[in-house]
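Colleague: Input: one structure, supplied below.
The values are calculated or read from the model by the stated rules, or taken from the named source; none is laboratory data. Because the structure is predicted, anything quoted here is derived from the model rather than measured. Reconstructed Cβ throughout: ideal geometry from the backbone, glycine too, with neighbour counts over all protein chains shown. Surface accessibility is based on the protein's heavy atoms, side chains included, excluding ligands, DNA and RNA. Shrake-Rupley method; radii C 1.70, N 1.55, O 1.52, S 1.80 Å.
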Amino acid sequence: MLCSAAGVAREARSRHGLAAGSAAALAQGLTAALLLAARQRTRVDVQLECNGPLRGLLVDADESGAVRGLVRANALEGSARADEPARFDPRPLFASPHDERAGMLSVLGAPSGGGSAHRAAFPFAGADLGAALTLFLRGDREEGGEMALEVLVSAREPLVAVVGALISPLESADAEKVRALGKPLRQGGLAAALRPTAEASAIAGALSRAFDLGPLRPAAALQPRFACRCSRERVARALRSLGTAQLRDMADKDRGARLTCDFCGAAYQFTATQLSELFPQP
């Protein structure tokens, strides 16, 4: 699987007003969630808590290509100083200078049609999100899988290219072949395939030649898009859960309420009269 997610990453940057470093870190998370959701054919939440200045991120995606996300620190700058594209280095954002044990990573799979959710949580060491999620893939299924994530940045454009690759064996006998591809991909192989273009078909061709994969043919395609599940109805339900006393206090003292979605920035305004209509009926 290949995912080119520069478009949704730029939209997320615009919605949240992110500085270059924060935007690149979120771009990696958005791409990872899209790949996992497409592979598992379900909605996937990825949450990172880290000791670096980013502090963490939260993203979710579903099998249709919808994705949204946020980071805990919006104003972190990147390290790009030149106009020529270079690989984004997430280490200064994800990890503290004196502690390589950067925190905790959790993955939640929630079937879209209902059913029980599956959560996995494990330590996040270093600053390579693709490598950390590879450990999840190896533990989640017997055949495993390998993930690599790349963001190309420059002083002129914080998000030149945003691409991820997820390789899984079609047969259990190919598991070791797939495992051998992971490290080279994460250590520059995927980044090299991004030049001169970040189009998925061109990247697939470059990877095929670089790793002697033979001819590749498209099997399916999705169009990633930034999409949020928030709505006025959901916000109203959340307000109603506060109870009559707190709703009455907001209506009397504040003359209403204004709530903003952390994922997409949408604002929902409720007047005092509208809040009173949410009071539980006897």
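Colleague: Across the chain, what fraction of all alpha-carbon pairs, as a whole percent, falls in each successive 5 Å bin from zero upward?
Modeller: Pairs per bin, as whole percents: 1, 6, 11, 15, 17, 15, 12, 8, 5, 4, 3, 2, 1, 0, 0.
Colleague: Right, another one. So, in Å, what gap is there between the alpha-carbon centers of segment 211-282 and segment 178-196?
Modeller: Taking the Cα centre of segment 178-196 as reference, the centre of segment 211-282 is 39 Å away.
Colleague: Another question about this same structure. Please compute the net charge surrounding V163, taking Lys and Arg as +1 and Asp and Glu as -1 over other residues with Cβ under 12 Å from its Cβ.
Modeller: Charge balance near V163 sits at 0.
Colleague: Mind putting together the pair-distance distribution for segment 164-247? All Cα pairs, 10 Å bins, whole percent per bin, short to long.
Modeller: Distribution as computed: 13, 32, 19, 9, 14, 10, 2 percent.
Colleague: Then there's this: Using a 1.4 Å probe on the protein chains only, how many percent of the accessible area of segment 125-201 belongs to carbon and sulfur?
Modeller: 50 percent
Colleague: Between S201 and R237, what FRET efficiency follows from the Cβ-Cβ distance if R0 is 35 Å, with the result rounded to 0.05?
Modeller: Efficiency, from the Cβ-Cβ distance: 0.20.
Colleague: For segment 75-211, what is one quarter of the convex hull surface built on the Cα atoms, given in nm²?
Modeller: Details: hull surface 42.5 nm².
Orientation-averaged projected area of the Cα hull: 10.6 nm².
Colleague: Which FRET efficiency value, to the nearest 0.05, do you get for R217 and A120 by plugging their Cβ-Cβ distance into 1/(1 + (r/R0)^6) with R0 = 35 Å?
Modeller: The calculated FRET efficiency here is 0.65.
Colleague: Quote the relative contact order of the chain in percent (integer), defining contacts as alpha-carbon pairs under 8 Å separated by 6+ residues.
Modeller: 19 percent
Colleague: Could you list, bin by bin from short to long, the percent of Cα-Cα pairs of segment 21-154 in 10 Å steps?
Modeller: 13, 44, 33, 10, 1
Colleague: Same structure, new question: Once whole DSSP H runs in the chain are found, which of them have Cα atoms spread over 18 Å or more along the helix axis and a mean Kyte-Doolittle score of at least -1.0?
Modeller: Membrane-span-like by this criterion, though nothing is claimed about a membrane: 20-40.
Colleague: Determine the gain in length on full extension of the stretch R87-A180; use 0.36 nm per residue of separation and subtract their C-alpha separation, reporting nm with one decimal. Intermediate values should be presented prior to the final figure.
Modeller: Values: separation 93, 0.36 × 93 = 33.48 nm, distance 2.21 nm.
Answer, rounded to one decimal: 31.3 nm.
Colleague: Report the Cys residues of the chain lacking a disulfide-compatible partner, meaning no second Cys Cβ under 4.7 Å from their Cβ.
Modeller: C3, C50
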